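The values are calculated or read from the model by the stated rules, or taken from the named source; none is laboratory data. Predicted model only: the values in this text are computed from it and were never measured. Positions of Cβ are backbone-derived with ideal geometry, glycine not excepted, and every protein chain shown enters the neighbour counts. Surface areas here come from the heavy atoms of the whole protein model, side chains and all, with no ligands, DNA or RNA. Shrake-Rupley method; radii C 1.70, N 1.55, O 1.52, S 1.80 Å.
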Amino acid sequence: MGSFVYLKFFASAMATSLLLALTIFIYNARRRASAGAGEIPYFKLGKFMVIASIIFILAVTPLSTDMAGRRNPSPEEVTYNGATAVEGFRIAIDYNCMGCHTVVGNGAYYAPDLNYIARKAGTAENIRALLKAFVGSKYMPFNMSERELDALTAWMLYLRDLNTNNWPPMPRVEVVEGVPAATAPNETLQLGRQVYEANCQACHGADGKGLVPGTPDFTDPAWWSAMLKSEGLEGLVAVVKNGRGAMPAFEGRLSDEEINAVLVYARSFSGQTAQQPAGEKKLVFGGYSFEPSFEANKDRWYESMGAWYVYWVITVFFATFLIYSFMYWYARG
Amino acid sequence: MAKFRSQYLALPFALVAVVLFFVQLIAGGLLAVYYISPDTLSGIVNFNLLRTYHLNALLFWLFSATFAAVIYAVPVLSGRELWGQGLVKLLALALIVFVVGAFATFPLMQKGENVWAFGQPLLYEGKEYVEAGRLWDILLFAGFIVFSLVVLKSLPPPKEWPLALWALVMGAAVAFFLYIPGNIFFKSVPTSEYFRWWTVHYWVEGALEVAFAGAFGLILMLIIPVPEVRKVVDKYIFYDVVLAAVSGILGQGHHYFWIGTPTFWILVGGVFSVLEIVPLTLMALEAIRIAGKGKARFVNIPSLYYMVGILVFGLIGVALLGLVQTWPWTNWWEHGTWVTPLHGHEGMMAFAMGAISLLYFALPDLTDKPIDRTFVSWGKRAFWLMFIGQIILATSFGLGGVRQIYYYWIQGAPWSVVMEARFPFVAGIAFGGGLVFIGYLYMAASMLRHLLFQVPEEPYEPPKVRRSYFNTLDGIPFLVGVAVFLALVGAAGLWSFSSTAVLVHGSLWVPYMLSSISYVGLAAVAVLLASKFARSLEYGHHLEGV
């Protein structure tokens, strides 16, 4: 089927039901004209369809709630510092996180989506650092114990790993080997910016000029040329990986691509044309579609392609009824 | 004079509804303050607390107004006094305890001091729309049971019920029973959200599309008591219930695209939520037909206007703005952004208008005072202020949301940038909200005046107004067609975020243009439709040919 699998299923189901409904509508024209004025047409069929749709939703409920094959991580197994995600969920309820944030896109829209933040932050340490930074501030004006922070971290790790059919939209990083890039593509800067904001901004500042004493001024082109001359690209990568002075080591926390991107981003503060330091890897937009999740889910029988054909038939059945009834009942008045 | 003494028991419920509506608007206004100046209220009344009040005041006042309407209607339908009047008085007391108790415990969320027992949160729930905790849920549910008992005991045996009454009772019963699954605490977030939508979504389906259709079918039968009307209403109710149930039960799936539930919901939920416009469109088209056939003049003009409000918000806000964002390809972009409250605010306003319409319908009968000129003109002003204000508010949300999609999902910009991008639209939200509030004042004033003061004996007579496009039913099917087209334009606008033009070249002309045309166009069509419907019925212009 290739790409646009969902679209093909969706569009064909719609088109088929529309055609079927039209056919029945035209075929039944005589019966429509001769039906008695007093009776309610299709009384039994109508009642049957309501019951059928109730049966359908009850039948798919066990599938939708992870009772048949695990689709999502178990909240009891996701832990951080001994606190489980379940404990975290309770705390999220106690503080009504959903009243400002959205969780899986539901909630208020006053603060960022929690799945999105968790994925952007990436690691448990980053998530916890974010929580620590915001709790007690004017944005989240309440205090939390360390244990509560640990539990919420576990819960956000759980949110991060939910199988949400590729939502929220995020630029995804794909590494294509062997493509030399003369200039940094926009995507690299995007990724670099994300990594920078999650890991570097606290000390190096949002404008790159440095907040903590001892940090360099990234907006200064002279500093960059001096660094590149004395240490080279490898040297810069090594500083990020191993740390220097007060700067912590990021080896293991950031992938090579992320280090690459963050260096490109940091250098872009200086206004220079950012050269891609590693030069052999390319980052592309791959995340702006929910299509790939079909492939990722095919190992559960109820989400396999075969099952989708069954859903397609059921969908066409109900949709034909709805479209036909609309035409029939409207035409008949 | 109301025929039965027990009908007056509706008054305390109506009063609670009017007061809670005020609380909802004040909370909404304070939420707007947060968007203008985030620091002012932070730490005093947190955003999440205000939002909880905003949502729950709405739910409670809708419940309360529905109770009032049913208590008013049941004696008329059964032809005798209400059974268990003592219980109803107790219920009114319990409602006040429930509201005060729930509202008094919500502030505990600012310090996270909930109480848990049996693995369930007792004081508040921390879940959007169903925030009242288990303690209050039990009280509310006991109230529902007592209420059902009173209603069922008072009504004639079910065999004699018209279909409209069946729809009302079944819709209400479904809404009440589905209050349970959404409230249970589940450890898994997808499961918790899955069942929360059973409650919230089926409230919309059960209460709006089924119970309200039933209630207004009954009103129609009360106004025009001929057997033929009963036949027409029966048929109309049956179509509506079947279509709403089938498309609604399966269309539920549009909440299940991205919450960790299986992929098949993208097919099932996508197709059926698109088809959810079927019952609502049919409802609108049928209403034109019934309006065209009706020979009687409807004297309660404010109630009539609000009924038109349900119809227009039901069509534009619920069905068509839903259609804009319900396709999986558009929902993927808009989910979790301000485009959702565009649909939410207009959709919820359909409920609110239904409840207000019922209040306005019952009031003159209970007070036994004529529907005088001031009552009508204040009621109409209230309607237009609320209607237009809500549309401005909702449209501002939508336009801000489209910018949010770009800055948040595509640029991956920090939250402060997203807030800045949405900031210009806060003005529209605050302005629209202000209009709604003034409308509320007119509404409350007209009702209280009618209830407490002497009114002139002379009933309102609609003036002779020259026929024009804006006060006749001419060309409504065409307008409905335009509205559907605009909704498809809006869907295309959201989908165009996936195009190379946006993603690679960063050109935002296409999504911004299409979305603006769609949202602003739908707003204009909504006002036009309301004007045509309400005024043609008021001035009697529907009588001469449709």
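So, for region B:418-546, what is the accessible surface per residue at a probe of 1.4 Å, expressed in square angstrom?
About 48 Å² of surface per residue is accessible.
Using a probe of 1.4 angstrom, how much of the accessible area of chain A is carbon and sulfur, in percent?
For chain A, the apolar C and S fraction of the accessible surface comes to 62 percent.
How much accessible area per residue does region A:84-142 have, in Å², with a 1.4 Å probe?
Per-residue accessible area for region A:84-142 comes out at 29 Å².
Do you know the relative contact order of chain A, to the nearest whole percent, from alpha carbon pairs under 8 angstrom that are 6+ apart?
Relative contact order for chain A comes out at 23 percent.
Aspartates and glutamates near B:Lys369 by alpha-carbon distance under 13 Å, same-chain residues fewer than 8 away left out - which ones?
Filter leaves B:Glu457, B:Glu458.
Considering region B:121-191, what Rg and Dmax in Å follow from its alpha-carbon atoms?
15.4, 46
Using only Cα atoms and rounding to the nearest 10 degrees, what angle (0 to 90) does helix A:5-27 make with the longest principal axis of chain A?
20 degrees
Any chance you could give the angle, 0 to 90 degrees and rounded to 10, that helix A:43-64 forms with the longest Cα principal axis of chain A?
Tilt of helix A:43-64: around 30 degrees.
Run down the lysines and flag those whose C-alpha is under 22 Å from the C-alpha of A:Lys209, throwing out any fewer than 8 positions away in its chain.
A:Lys229, A:Lys241
For B:268-274, what's the mean count of beta carbons from other chains sitting within 10 Å of each residue's beta carbon?
Counting Cβ atoms of other protein chains within 10 Å of each residue's Cβ and averaging gives 6.
Nothing charged except the Cβ atoms of Lys and Arg (+1) and of Asp and Glu (-1): what's the magnitude of the dipole of the protein assembly as shown about its Cα centre? Round to the nearest 20 debye.
That gives a dipole near 2380 debye.
Nearest 20 debye, what's the magnitude of the dipole of region B:395-464 about its Cα centre given +1 on Lys and Arg Cβ and -1 on Asp and Glu Cβ?
Taking the Cα centre of region B:395-464 as origin, the dipole is about 300 debye.
Over the whole of A:48-56, what's the average partner chain Cβ count within 10 Å per residue? Rounded to a whole number, please.
The shielding value for this peptide is 4.
Over chain B, what percent of the accessible surface lies on carbon and sulfur atoms, probe 1.4 Å?
The C+S portion of the solvent-accessible surface of chain B is 73 percent.
Given a 1.4 Å probe, how much area per residue of region B:1-90 is accessible, in Å²?
38 Å²
Considering amide H positions built from the backbone, and no H for Pro or chain starts, which residues 5 or more places from B:Tyr124, or on another chain, come under 5 Å of its amide H?
For B:Tyr124, whose amide H was placed from the backbone, the distant partners under 5 Å are B:Val115, B:Gly133, B:Arg134.
Of A:Leu131, B:Leu15, A:Leu228, whose Cα points farthest to the positive end of the dipole of the protein assembly as shown (charges on the beta-carbon: +1 Lys, Arg; -1 Asp, Glu; origin at the Cα centre)?
Toward the positive end, the furthest listed residue is B:Leu15.
Quote the Stokes-Einstein diffusion coefficient, in whole µm² s⁻¹, for chain B, based on the Kirkwood radius over alpha carbon pairs, a temperature of 37 °C and a viscosity of 0.692 mPa s.
137 µm²/s
Given a 1.4 Å probe and heavy atoms of the protein chains only, how would you sort B:His505, B:His450, largest accessible area at the top?
Largest accessible area first, the residues go B:His505, B:His450.
How large is the accessible surface of A:Ile127 in square angstrom, using a 1.4 angstrom probe and rounding to the nearest 10?
0 Å²
Would you calculate, for chain A, the mean residue ellipticity at 222 nm contributed by helices, counting each DSSP H stretch of 4 or more residues as -39,500 (n - 2.57) and dividing by all residues, to the nearest 500?
Computed ellipticity for chain A at 222 nm equals -16500 deg cm²/dmol.
Which value results for Rg/Rh of the protein assembly as shown when Rg is the Cα radius of gyration and Rh the Kirkwood radius based on the inverse mean 1/r?
0.99
Would you kindly derive the ³J(HN,Hα) couplings of region B:174-181 from the backbone phi angles with the Karplus curve 6.51 cos²θ - 1.76 cosθ + 1.60 (θ = phi - 60°), listing them in order in whole Hz, with x for Gly and Pro?
4, 4, 5, 5, 7, 5, 5, x
Give a residue-ordered list of calculated ³J(HN,Hα) values for region B:332-346 (Karplus: 6.51 cos²θ - 1.76 cosθ + 1.60, θ = phi - 60°; whole Hz; x for Gly, Pro).
4, 7, 7, 4, x, 10, 5, 5, 5, x, 4, 5, x, 5, 6
Using the Kirkwood formula on the Cα atoms of region B:324-482, what hydrodynamic radius do you get, in angstrom to one decimal?
About 18.5 Å for region B:324-482.
Taking only the alpha-carbon positions of region B:186-289 and ignoring solvent, what does the Debye formula give for the base-10 log of I(q)/I(0) at q = 0.18, 0.23 Å⁻¹?
-0.84, -1.14
So how much accessible surface do B and A hide from each other in total, probe 1.4 Å, in square angstrom to the nearest 100?
Counting protein atoms only, the buried area is about 8800 Å².
In whole Hz, what ³J(HN,Hα) sequence does region B:347-355 give by Karplus (6.51, -1.76, 1.60; θ = phi - 60°), x for Gly and Pro?
Once θ is set to phi - 60°, the couplings for region B:347-355 become x, 5, 5, 4, 4, 4, 5, x, 5 Hz.
List the residues of region B:239-264 whose accessible area drops by at least 40 Å² when all protein chains are present, compared with their chain alone, using a 1.4 Å probe and counting only protein heavy atoms.
Correct list: B:Tyr239, B:Val242, B:Leu243, B:Val246, B:Ile249, B:Leu250, B:Trp258, B:Gly260, B:Pro262, B:Thr263, B:Phe264.
Rank these by accessible area, largest first, 1.4 Å probe: B:Arg196, B:Arg403.
B:Arg403, B:Arg196
Dipole of region B:416-523, Cα-centred, from +1 at each Lys and Arg C-beta and -1 at each Asp and Glu C-beta, to the nearest 20 debye?
With Lys and Arg at +1 and Asp and Glu at -1, about 140 debye.
Cα-based Rg (one decimal) and Dmax (whole number) for region B:52-190, in Å?
In order Rg, Dmax, the Cα atoms of region B:52-190 give 16.8, 54 Å.
Expressed as a rounded percentage, what relative contact order does chain B have, with Cα pairs under 8 Å and six or more residues apart?
Reported relative contact order: 13 percent.
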